[in-house]
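The values are calculated or read from the model by the stated rules, or taken from the named source; none is laboratory data. Small disclaimer: the values here were computed from a predicted structure and weren't measured. Cβ placement follows ideal geometry from the backbone for every residue including glycine, while neighbour counts extend to all protein chains displayed.
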Amino acid sequence: MSSTKTIGIIGGGQLGQMMAISAIYMGHKVITLDPALDCPSSRVSEVIAAPYDDVDALRQLADRCDVLTYEFENVDADGLDAVIKDGQLPQGTELLRISQNRIFEKDFLSNKAQVTVAPYKVVTSSLDLEDIDLSKNYVLKTATGGYDGHGQKVITSAEDLEEANELANSAECVLEEFVNFDLEISVIVSGNGKDVTVFPVQENTHRNNILSKTIVPARISDRLADRAKAIAVKIAEQLNLSGTLCVEMFATADDIIVNEIAPRPHNSGHYSIEACDFSQFDTHILGILGAPLPAINLHEPAVMLNVLGQHVEAAERYVTENPSAHLHMYGKLEAKHNRKMGHVTLFSNEPDNVVEFGKGIDF
Ligand code: AMP
């Protein structure tokens, strides 16, 4: 039997494109499903242009591919279940359902994986907010559909309750205690259904709720870093993980608290393309194919900067002045404000001296 596979990727954005590039290096063929014929993956793969919930298009993809995967978690799980053959989606649709809904996700993390999350409760209407203890701060988050801080309300006093009540009456929510964290960190872990491999801990800075900078290794103690990695491995093992998963966490002075999981390669893992001996995309492809997974080594401390629509010129200038920095551009045709257009990775022992694009300008 040939070891060359045809891999179907649902979603042709930058994550799908970078997965496809890894797959192609390994000799596989890729077919992408994306609503846009000129999506980033169109540079490197055939594209079936159709909406994600088009069951006929999903079936066509499933019929033509050996293995399927996805680049984002809001894929129609029922639609996929209707078309996939046994074992064709190694990541499974259960993981999709968990990460699509914060209520299922919290339940999985705290009760099944038994890792620490911020104290929370499920909120089905504003009635559930009536008796909250306002000596504490909270974040109210819609159970589904939220991203990059959308569908969230921070509650620090009674004045915030009007908006919070509105949110609670508009959708099912989760109310979390606010975590006074020192750093936001994340850990990439990949599995092949049997074994897992884990990447170094990443330290993340967001601006306007969008990731702007990742520093690796994160500047936390070895003890906390080991703990963060052990948590990611525990979650992966509980899931019998196939492919790459990102665990986003908060680091406090003496603890690690899990915020959420993303069942796919993640923006905070892009540094691994140059800075590690295997990237998060390589291990994703190896993992979904059930291949043995390598241990991951970080060559040197690295920094990744995101290039948003308003940063393209600054990033191009930066790499002409710093030619040892690696510029990745995803091939998106229109540079919209806050749209992720590319990223830059460089090696540095002085991450504070590596300044995000647009810092102080585009807040
Ligand atoms: P999320 O959509 O859950 O990733 O949240 C977006 C951002 O809101 C996170 O990156 C944090 O900066 C912040 N955040 C979310 N949940 C909490 C929390 N429980 N305590 C403090 N900050 C939070």
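Of 103, 84, all but one fail to be touching a helix residue (DSSP H, G or I) at 6+ places or on another chain (Cβ under 6 Å) and at pLDDT 90 or above; the exception is 84. Please tell me if residue 240 is within 14 Å of the ligand (Cβ to nearest atom) and not charged (D, E, K, R). When the stated conditions are applied, residue 240 does not pass them. When the test is whether a residue is closer than 22 Å to residue 235 by Cα and surrounded by 18 or more Cβ atoms within 10 Å (Cβ to Cβ), residue 57 does not pass it. Of the residues 277, 254, 282, the single one that is crowded, with 24+ Cβ neighbours inside 10 Å, farther than 17 Å from residue 233 by Cα and either among the acidic types (Asp, Glu) or within 11 Å of the ligand (Cβ to nearest atom) (or both) is 282. Taking (1) out of contact with any helix residue (DSSP H, G or I) (no Cβ under 6 Å at 6 or more places or on another chain); (2) of a type in the set (S, T, N, Q); (3) farther than 20 Å from residue 328 by Cα in turn, residue 42 satisfies each apart from (3). Report yes if some residue within region 200-209 is within 14 Å of the ligand (Cβ to nearest atom), among the β-branched types (Val, Ile, Thr) and closer than 21 Å to residue 281 by Cβ; otherwise report no. So far as region 200-209 goes, no, none of its residues is within 14 Å of the ligand (Cβ to nearest atom), among the β-branched types (Val, Ile, Thr) and closer than 21 Å to residue 281 by Cβ. Contact annotation: residue pairs with Cβ atoms under 6 Å, 6 or more positions apart or on different chains, pairing a residue in region 290-305 that is in contact (Cβ under 8 Å) with a residue 12 or more places away in the chain with a partner that is acidic (Asp, Glu), are 293/195; 297/277; 305/356.
Listed here are the residues, each with its yes/no results for (1) assigned to a loop (DSSP other than H, G, I, E, B); (2) closer than 17 Å to residue 199 by Cβ; (3) aliphatic (A, V, I, L, M).
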| site | (1), (2), (3) |
| --- | --- |
| 244 | no, yes, no |
| 259 | no, no, no |
| 300 | yes, yes, no |
| 318 | no, no, no |
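Within region 320-337, the set of residues being exposed (fewer than 15 other Cβ atoms within 10 Å of the Cβ) and not small (Gly, Ala, Ser) comprises 320, 321, 322, 323, 333, 334, 336, 337. For residue 126, the conditions (1) in contact (Cβ under 8 Å) with a residue 24 or more places away in the chain; (2) in the same structural domain as residue 311 (by TED's automatic domain parsing); (3) away from the ligand (no atom under 16 Å from the Cβ) all hold with the exception of (2). Return yes or no: is residue 135 under 26 Å from residue 77 (Cα atoms), without any contact (Cβ under 8 Å) to a residue 12 or more places away in the chain and surrounded by fewer than 20 Cβ atoms within 10 Å (Cβ to Cβ)? No. Mind checking whether some residue in region 27-36 is under 20 Å from the mean Cα position of the chain (by Cα), over 24 Å from residue 335 (Cβ atoms) and either among the hydroxyl-bearing types (Ser, Thr, Tyr) or not in a loop (DSSP other than H, G, I, E, B) (or both)? Yes, region 27-36 contains at least one residue that is under 20 Å from the mean Cα position of the chain (by Cα), over 24 Å from residue 335 (Cβ atoms) and either among the hydroxyl-bearing types (Ser, Thr, Tyr) or not in a loop (DSSP other than H, G, I, E, B) (or both). Residues that are assigned to a strand (DSSP E or B), over 18 Å from the mean Cα position of the chain (by Cα) and either aromatic (Phe, Trp, Tyr) or away from the ligand (no atom under 16 Å from the Cβ) (or both): does region 48-66 have at least one? Among the residues of region 48-66, at least one is assigned to a strand (DSSP E or B), over 18 Å from the mean Cα position of the chain (by Cα) and either aromatic (Phe, Trp, Tyr) or away from the ligand (no atom under 16 Å from the Cβ) (or both), which makes the answer yes.
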